[in-house]
Every structure is written in structure tokens, then in C-alpha cells.
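Derivation of every value follows stated rules applied to the coordinates shown; laboratory data play no part. Every value quoted in this text rests on a predicted model; they were computed, and no experiment measured them. Cβ placement follows ideal geometry from the backbone for every residue including glycine, while neighbour counts extend to all protein chains displayed.
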Amino acid sequence: MKTESVLERMFKAGHLAVTSECGPPRGALPEKVREKAEMLRGYVDAVNVTDNQTAMVRMSSLTACILIRQMGLHPILQMVTRDRNRLALQSDLLGAYAFDINTMLCLSGDHPHFGDHPTAANVYDLDSIQLIQTVHTMREHGKFQGGDDIANPPKMFIGAAANPFADPFELRVRRLAKKADAGADFIQTQCIYNLDKFEKWMEGVCKRRLHENLFIMAGITPLKSAGMARYMQKKVPGMDVPDELVKRLAALPKDKQAEEGITIAVEAIERLKKVEGVCGFHIMAIEWEHRVPEIVRRAGLYPRPAV
Amino acid sequence: MITAERKPIQEIMNLVSPYKNLLLVGCNECVTVCSAGGRKEVALLSSALQVAFMKSGRIVHIQEMTLERQCDPEYIEQLVPHIDSVDAVLSLACGCGVQEIARRFKEKMVFPGVNTKFMGASERPGVWAERCQGCGDCLLGVTGGICPIARCSKRLQNGPCGGSSKGKCEIGPDVDCAWQLIWDRLKALGLQERYETLLPAKNWRNGRGGGPRKIVREDLM
Amino acid sequence: MEDFEPVIVAFCCHYCAYTAADMAGSLRLCYPPNVKIIRVPCSGKVDTIHLMQAIKGGADGVYVAGCLEGDCHFKSGNAKAARRVVYAKRLLNDVGIEPERIEMIMMSAGMGERFAATAEEFTAKIRGMGPNPVKLMRATAIRDPHNVSPAHKESAAV
């Protein structure tokens, strides 16, 4: 084992891992964090905690991670390079590790253009791949990015994101290879709706044998309605929602669409379980955390194995 | 070139409103090429300001001059015969020119009439786009001649991010994805394998991160 | 104000509007004497600065008369002129002068009647708007010696 991460143990024991997501509140409301995390207890192995997602100010990811860790759950610290330079990122990692947080996800983050502070300077001292490299160097060589030794270096299980649906498609496997080279241990993908395209991407991944060194978790976001499906299809950059899905939801009365959305998510998980290289599922139920247990149960991923 | 854009007339008027005699100084270099602060723009702004002031019941006298370059002290000297007869200077040069005037004429207020924007190129008549951020450590040689620092919205050195869609950046349909351009170019050059070279954390000290920069060439002193 | 007679400057393209003016003359069509014609080789020769200088100099209205769309003798001079007129209008708006004081008009060489009608309509419109506020200020400024700076006494007195 490289780390004490429960996620690493889950992967190495050969189980399909399950993670979900908790977006910290837009206010100093620790009980909100606990409430959301509590819904997931027992149904997921670890909980991603987003870092000022969509470039909106929220309670810091690190703080929410600490709150969740203190509940005995396992948070995954998301870190975007948009808001902090390499000094701040590394010091936060030391802080996280001091609170027994040992799993993280390296991201570049949405551009401030989308958020509630569009006039902010974006930092991008590092990109996501350079952050992976930095965290990897801290763990493997016990050194800061600047070269100095670290006393008790944080041993982080390093995650990264992949979007098989962004353009150019032919670069998507190559970019994953760069993340693997930089030292990523596991991958969580963008929400998958176009299963054919995802499978094609996974074929490319396996052909380059990247799945031998990377644990790849398929991203699942249940659609709440035909409206949400259309919005994701048209408005969210790098999202691929096939027309059939939109039609399938739109064909039902409004009060039946949410149920169908859950069914679609469960079907996707069932199909993706069989895909070579898929090691688990990252269920991002945006403001719909309370439906995660149901998805996990129906997809046959419950109970979670003890490791 | 260094590109610039005229400030809104109202903002300029607010800046110069306490003064009755102005020296409006253009520059014959970059700001002429990008039609922000050359001879023509000096004349245009001068007439616009005079019309505006007359409309509000004031006469402001504006002397117009356009220097060969405002960023060289030799040319700034040409303002000497005129400077005493004015209360303030309004410069249409980039920020470098404005500062050279301020440095030379310590007791004369100087105002910028343009917002200096970026180092860019002319894409077609009337359109200029950013190309370089002067990072001090050029990596165009490894990115196929397209700069990710200046042209990727997140200045990713190992892009593209997940927001690249049909060749465009997630921030808007008018912005090309720099990494799509880089990839297309590497492909055209048959250098696809170069894409996989990992660019390590950049040394920003060569850029603005290291504080104000200076170039010293002793052979030219 | 009642006896206000506007001064209108018309930049007329040699290949269309200027010829149309000629045509209007040979047809014995009347148009207001307020319109001062400046012949230009192409409406595309007219720059924003010319429009602004005319307003600054006291013209109450200015128009550029170029060829019909697609008919420019120099391919696209009229389209360029039209864009400059838009820019000048924006500039006028910024400095608090009615943008309608500057217009772009298109016609062909054979449109003598249109030339006369345009001159008539534009003059009537500007007459309705009243004098260019700058003109009034210029008149008072020149009478008031306190408004004249030493460096500019000469030119302002002219």
C-alpha cells in the first residue's frame, strides 16, 4: 500500500469502489456538511468534497473534509489550482494530512468566468497535472515542489479527473497517460451518459494498458428531469447527453421523470460494471444526495465490503 | 504589438476636467497600428473632447502632438517646447509611454487616454487578439508555435481541460481552445508524440512573479 | 431660434451622390441651400475624423452619401463609410450630442430626385432638432477673452 486510504484498500482488494460527492454550503454551516455526509454513511467508501465548485465561494473543501473525517467518514479532498498557488496548495495538504485526510483529487477548476466572482484573478500557478506531480513528489520523495525536505510528508492517494467527452476526443487517452505519468493513482470521470463513447474511450485506455496503473471510477449523475437533461446537453461544456435519453425522459409525465432518471443511472452502472478497467463508481447526485443510497442498493453495490 | 483601447470619453473627461490647457500626445508605434493612439486618434479624441466640453459650457484648449515613440527618452524631449504652456498631458500611448512622460516632466500631471490591453496580433482588420504574456521563458518551441500561457484561459501547460468543446474554450464561443490549436498543429507537423511530454511546474520568476524585470546589455551601453 | 437655418455638410461620392446632385440640377429640382456639398472620390474616403471635425466646426448636421449597397466603385468603400458613421454616432452619443446629426445615405448616380428629397428631409430634420450646441458655445467663447489661452489666442480669434 502506498497510503492508508480506504479507497486504495478497496481497489486493491478487488472490490468495485463507490464514492459520492458533498458540496460544502455557501455559509459557515457545519451542520449542513454533516447532514449531507450522514446521508451517505454506509453507502459509499469515501466522499468527495468539492473546492469552490463552479467558481462560487463555499466553505473551504479542507474544512468540510475535516468535519466529515471527524464523523468517522472518509473524505476526498478536492483541490483546484484556480484559487491557490503552490505554496497554499502544499500547506493545505499538510493540514489535511494532519487531520488524517489521505485521499485527494487534483483539478484545474472551472474558470472564474462562471462563478460569483467573475472579476477575480485566476491563479493557475500549477495546472492539474503539475499538482499531481507535486503531491506525488511530496509522497514519494518527501520533498516540497521547491525541493526542500518535508518533516512527515503527507502520503496522499492521488486522484485526478478525466472527461472522455471533451474535445479533441483523440487526445483524451493521451491526456490520461500524462496524468498517470505525473503520478495519479485513481481517476474519476465526468458524468457518463453516452455509454458507447465511454466504452470506446476505455478501449483506448486499456489498449495503452493505462488501466493497469490507474483505478478508473466511472462518473454517474442521475438526471432529475428531461429539463435537466436538455440543460446538460446544451449548456454544460464537455457534456455528452444523447438525444435518446432526453426523449426517454420527456416521454414520461413530469412526476415520473425523476424515477426514470434513477433507473437510467442504475442501468448505466450495471452495463459499466462489465467494462474492462472500470474499478468503481463515482455517483455525483447534485443536491440529490438522499437518493444515493437507493442507487447504490439497486445497482447491487450494497452493502459496502469492509476492508 | 502592444494593443490598447481608448478609455470611455466620460472617464477621460473626468480625469482631465480640472485643466484648461491640455497636451494630447499620441505615439507612432504600436498604438498607431492598433488604431488607439496614433495621429488620427489624437485628432479624433481632441475634437470629441472639445465638442464635449463645449457642450457643457467650457472651452478646453488642446494641443495635439504625436511622437515617433513615447517609450524612448529621446522622443519625449520633443515635448519640452510645449510643456510649459499646458496644465496637464493626456497620453494615448501604452502605459510605457505615459510613464516616460511622467518621469521626464516631474511637475506635470499626465493621464492615460487608453487602456493598455495586451501583446497581440491583428487577426483581421479591426480585430486584435492576445498572443503573448511575456512570461520570460518562451515555450512556443514545445507547443507547436501556439502559446498556452497567453491563449488558454487557464494557462494550462498540460491541457486541454475538460471544457474544450468543438475547438472552443468553455468560457465562450468566441475563444479558441489553445490546446485544440496546439494539437492540430502538432498533428500537422507529425509531432503528436510531443504532446505527451509533461511540462513541469513553470518558473514564474522569469515573468512578473519575480518582480519588475529589466534587461541589461552592457555591449550597448 | 425661429429663424434658425441649419448648416449641413454632405460628403458626396463622386460616382453616385455627386452625380445625382448634378442630375437634380439639370432636372431643375429644388433643394435647400443649407446643404454644403463636399465631393469625395468615394464615400470610403470619409473618415470619422472628418465627421467629428465638421461637428466641432459648427455644422448642425452631417451626412455621407455613398453608392447603393454592393455598387461601390471601389468595391466596399460605402460599407466602410457606413461603419464609420456608426462609430461617429456612438462618439457623438458619448459626448452628449444627438447621434442623429450624422447619417449615412445611399443612392445611385441616376437618383436626382432622391438626392433632392434627401437634402430636403435631412435639412428639415436638423431644423427640427435645433442648432448644434457646440456652435452656440463657440460663438460665446470667442466673445469672451477669459476663455482663450495664451497659446491659442491667435487661432481662436480667427
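Electrostatic bookkeeping for A:N52 treats Lys and Arg as +1 and Asp and Glu as -1; over the other residues with beta carbon under 11 Å from its beta carbon, the sum is 0. Quick one: angle between helix A:61-70 and the longest Cα principal axis of chain A, in degrees between 0 and 90, rounded to 10, please. Helix A:61-70 sits at roughly 90 degrees to that axis. Within the straight-line cut-off of under 16 Å between alpha carbons, the lysines reachable from B:K202 are B:K154, sequence neighbours fewer than 8 places apart in one chain being disregarded. Can you bin segment B:2-118 into rounded, prolate or oblate? Criterion: square roots of the alpha carbon gyration tensor eigenvalues sorted a ≥ b ≥ c, rounded for a/c under 1.5, prolate for a/b above b/c, oblate for the rest. Verdict is oblate for segment B:2-118.
Taking every alpha-carbon pair under 8 Å whose residues sit at least 6 apart, segment B:2-118 reaches a relative contact order of 36 percent. Listed by chain and number, the aspartates and glutamates whose alpha-carbon sits under 18 Å from that of B:K20, ignoring those within fewer than 8 places in the same chain, are B:E11, B:E64, B:D84, B:D87, B:E107, C:D144, C:E154.
For segment B:41-100, the alpha carbon positions stretch 38, 22, 16 Å along the principal axes, listed from largest to smallest. B:L198 sits among other residues whose Cβ lies under 14 Å from its own Cβ, and their net charge, with Lys and Arg +1 and Asp and Glu -1, is +2.
Overall size of segment C:8-130 from C-alpha positions, given as principal axis extents largest first: 40, 32, 19 Å. Rounded to the nearest Hz, the phi-derived 3J(HN,Hα) couplings of segment C:31-41 under the Karplus curve 6.51 cos²θ - 1.76 cosθ + 1.60 (θ = phi - 60°) are 9, x, x, 5, 7, 9, 8, 10, 7, 10, x, where x marks glycine and proline.
Derived scalar couplings between HN and Hα for segment C:72-86 equal 4, 4, 10, 6, 9, x, 5, 5, 5, 4, 4, 5, 5, 4, 4 Hz in order, rounded to whole Hz, by the Karplus curve 6.51 cos²θ - 1.76 cosθ + 1.60 (θ = phi - 60°), x for Gly and Pro. Ratio of Rg to Rh for chain B: 1.08 [Cα atoms; Kirkwood radius as inverse mean 1/r over pairs].
Net charge in the neighbourhood of C:A59 (other residues with Cβ under 15 Å of its Cβ; Lys, Arg +1, Asp, Glu -1) is +4. In summary, the lysines within cross-link reach of A:K254, defined as a Cα separation below 27 angstrom excluding same-chain residues under 8 places away, comprise A:K36, A:K224, A:K234, A:K235. Backbone amide hydrogens, once placed in the peptide plane, bring B:K7 within less than 5 Å of B:V114, B:N115, excluding anything fewer than 5 places away on its chain.
Taking amide H atoms as placed 1.01 Å from N in the peptide plane, the amide H of A:G280 lies under 5 Å from those of A:A17, A:A218, each 5 or more residues away in sequence or on another chain. According to the calculation over all Cα-Cα pairs in segment B:111-162, the P(r) per 5 Å bin from zero is 4, 17, 23, 22, 16, 11, 4, 2, 1 %. Rounded to the nearest Hz, the phi-derived 3J(HN,Hα) couplings of segment A:133-141 under the Karplus curve 6.51 cos²θ - 1.76 cosθ + 1.60 (θ = phi - 60°) are 4, 4, 5, 5, 5, 4, 6, 7, 10, where x marks glycine and proline. Annotation: average projected area of segment B:135-210 is 5.2 square nanometres, based on the convex hull of Cα atoms across all directions. Computed log10 I(q)/I(0) for chain A at 0.13 Å⁻¹: -0.93, from the Debye equation with unit scatterers placed on every C-alpha and solvent omitted.
Structural descriptor for chain B: relative contact order 17 percent, calculated from alpha carbon pairs under 8 angstrom and at least 6 residues apart.
By the Stokes-Einstein formula, at 0.890 mPa s and 25 °C, the protein assembly as shown with its Kirkwood radius over alpha-carbon pairs has D equal to 82 µm²/s.
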